[in-house]
Structure formats: structure tokens, C-alpha cells
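So the structure is just underneath, and the comments pick up after that.
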């Protein structure tokens, strides 16, 4: 009980400081949910919702970059298991646009570990006239470094991987995810482009795109399509919106409980992945680089505990991911523990604060809860 109170107080203090409006957290161990609680507001009082709306256990969140490991990575590994591709395949094998001197050796593995050399982000919705030209545009971008020499976390690589999955499976990414993940796991509140009728179950995001406007200021001074309304029930990431809400880097909506059900598939007893594939997620494939990355995940080592959002509480070999909207998922494979913290930090507006420090403190307290 003490640890529950401490977690709730940690989140209440963050709410009091206006860093987050609310949160849902879930802790699980060995196929058992140990804690699942909701605090604060999913929607703050506003024109669209004058009285606001509380956060509930089944509140649906825009999980932003959790799309990368939960969908793109899982499907990518399934494709490797099925012999549809290899992690060592050069990307130009699937997209001839990358058959260029500086990119001809870029592999699927380098894309999946953020070590291919691409920049972190580009406002594709401004720079690309038609979404069908995105792959060609990315292929034309100069690399920031030689592949495998450095890690720069980048959306561009996972946009490519999403397109790659569509090419080899022969269907749109949302259909692949539905057939390969959502239906087999019995998920009812996990999807891209949520139906409008579910809006009241979804945590709201920011009004307008203040943060992205600032990021795109150099190239988007005359851009006329910024959203000024409350982003609520629609993907927050504007590149994902431009690409139809269905991409390899962002666009997924889900609840804490259903994220937990997908997260279980990265642990022993997975119904979707082979046992030997599970080793891919806790192994550091970027040795010698400043960030430790496994296939699709950040991974903790003995050296980087203070640098990841996991903190020192989780053992080396744990793997996890965060999302810009304020979400976090970490997994301790040996102990079969899952830590989920979902917030909508961009609501009602984006705030600058150390979200990773909040996550580290959450993990420190949460880890003790398993010994209750």
C-alpha cells in the first residue's frame, strides 16, 4: 500500500506542477497484473469539454513512438522469422531509391537500431508535396554520419521500416497489425485512426502544434495547414497525420491493459514470436556508440542506467521505449516484469520539463511494489 501511495503522490505532484494532467500506470509480473491505477484528468476543462473528463483505467492514449517497438518491431521480427527478409539485407534491395553511394550499405538492422545515419526528424508535411514521394525524399537526404558509427534516434528510419513491411506483406500497415497482432491477441481498443465515436474515451493532446511549429520554423514560415484546434482523438504527430495516421514511427492508440498484452509478446511464452527471437530485444547492437540500442528498443547496460528513462532501478538487459506524448514502457525480461506509465503531457499545451526524471522516479518506486 505504501508504494501505491508513493506512486500516486509522485504523479499528483507532477499534476500539481501542471506537467501532466493525468496518468494511467500498470505494473505486471509473471503474467499477472499487480497494479493498475488511474489519476487526474484525461481532458482538462475546455471549450470542447467544459467540465473536463477524468482519467480512467481504460482511457485510450496516443502512444506516439511506442508504435515503433509495439507494431513495427514486432512485425519486423515476424517477417524475419518467416523468411521474408533478413536484418542484414540492404534496404536498397526493397527500395532502389537507396542504391546511392552513401546509402547502398544501409541495412534493415541499422534502421531498427537508429544507427543508419539519418537525421532525427524532418517536417515531411512541408517538404514533400505528396506522401507517395516520402521514400524518395528520405533517400535523397544526406547522412549525418557513416552508418553504425553513431546512434541518432530518428523517426525517418522507422517510416522506412513501416513502408518496408507494407511492401513485403502486401497490405497497409494497419491491416497487417490487425491481422498479425490485434486480432490474435483479442485487442479491442488498439488501432490507428481511432473511430470518432470513441473520442470521449481518448486522452486529449495539445491545442494546435506549438512544439512542431517551433521545430519547423526554418522551413515552415508560410505553412498554412497547422492545426489550431484541440487535437483530440487524432494523431498528434504531424508527419503521421500527413501519412494518413498509419506509419511505422507513430500513430498507434491504445490503453495500458492492451499495451501490456502486446508487451507480453516480448517475454517468454510469447504467442506471436519464437523463443530465440526474444534475445534480440535485450542485446545491445550498437556497442561503441553513445546509446545502447537493441532491435527496436532502448536497452539498459551497467553503464547507462542514469541516462535511460528506466533509471537504475531496472536490471541491465531491460528494454523499453518512450513516446513524445508522455508515454513509457519498460520490460525486465529475466524477472518478467512490465512497467507502463501513460500520460498526455502535451495537454492542454506542451510543457518543458524533465519527463525522463519523472519516469526514473516512477520506476524506482514501482520496482519496490513487486516485493509487497
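Note on the stretch 21-97: Cα Rg divided by 2.2 N^0.38 Å, N the number of residues, gives 1.73. Take each peptide in 181-189, 14-22, count the other Cβ atoms within 10 Å of every residue, and average; sorted highest first, the result is 14-22, 181-189. May I ask for the distance between the Cα centers of the stretch 1-77 and the stretch 296-351, given as a whole number of Å? Cα centroid of the stretch 1-77 versus Cα centroid of the stretch 296-351: 13 Å apart.
What is the chain's relative contact order, in percent, from Cα pairs under 8 angstrom and six or more apart in sequence?
25 percent
Relative contact order for the stretch 71-181: 30 percent, from Cα pairs under 8 Å spaced at least 6 residues apart, divided by residue count. Sorting 28-35, 251-258, 149-156 by average packing, meaning the other beta carbons within 10 Å per residue, from highest down gives 251-258, 149-156, 28-35. Let a ≥ b ≥ c be the square roots of the eigenvalues of the Cα gyration tensor of the stretch 247-304; is it rounded (a/c under 1.5), or, if not, prolate (a/b larger than b/c) or oblate? The shape class here is oblate. Taking every alpha-carbon pair in the stretch 303-364 and binning the separations at 5 Å intervals from zero gives 4, 19, 31, 22, 13, 7, 3, 1 percent. The Rg/Rh ratio for the chain, using Cα coordinates for both the radius of gyration and the Kirkwood hydrodynamic radius, is 0.94. Pair-distance distribution P(r) for the stretch 285-338, from all Cα-Cα distances in 5 Å bins starting at 0: 4, 21, 31, 27, 12, 3 percent. Only Cα pairs under 8 Å and 6+ residues apart enter the sum, and on that basis the relative contact order of the stretch 1-110 stands at 14 percent.
Taking 0.890 mPa s as the viscosity and 25 °C as the temperature, the Stokes-Einstein diffusion coefficient of the stretch 198-295 based on its alpha-carbon Kirkwood radius rounds to 145 µm²/s. First check a/c for the stretch 76-217, with a ≥ b ≥ c the square roots of the eigenvalues of its C-alpha gyration tensor; if it is under 1.5, answer rounded, and if not, answer prolate when a/b is larger than b/c or oblate otherwise. It comes out oblate by the Cα gyration axes. A Cα-only calculation for the stretch 1-136 places Rg and Dmax at 21.5, 60 Å.
The average projected area of the stretch 223-277, computed from the convex hull of its Cα atoms over all directions, is 5.4 nm². Using only the Cα atoms of the stretch 137-244, build the gyration tensor, take square roots of its eigenvalues as a ≥ b ≥ c, and label the shape rounded, prolate or oblate: rounded if a/c is under 1.5, else prolate if a/b is larger than b/c, else oblate. Because a/c hits 1.5 or more and a/b fails to exceed b/c, the stretch 137-244 counts as oblate. Annotation: the residues 332, 264, 51, sorted from fewest to most other C-beta atoms within 10 Å of their own C-beta, follow the order 51, 264, 332. Taking only the Cα atoms of the stretch 82-135, the radius of gyration and Dmax are 12.6, 37 Å.
Compared with the rule-of-thumb size 2.2 N^0.38 Å for a compact globular protein, the stretch 240-362 has a Cα radius of gyration ratio of 1.09. Return the single residue from 323, 157, 244 with maximal mean-square fluctuation; model: Gaussian network over the chain, springs between Cα atoms under 10 Å. The residue that fluctuates most here is 244.
Here, each number is a calculation from the coordinates, and none is a lab measurement. Please read these numbers as outputs of a predicted model, since none were measured by experiment. When we count neighbours, we look across all protein chains shown, and the Cβ atoms used for this are built from the backbone with ideal geometry, even at glycine.
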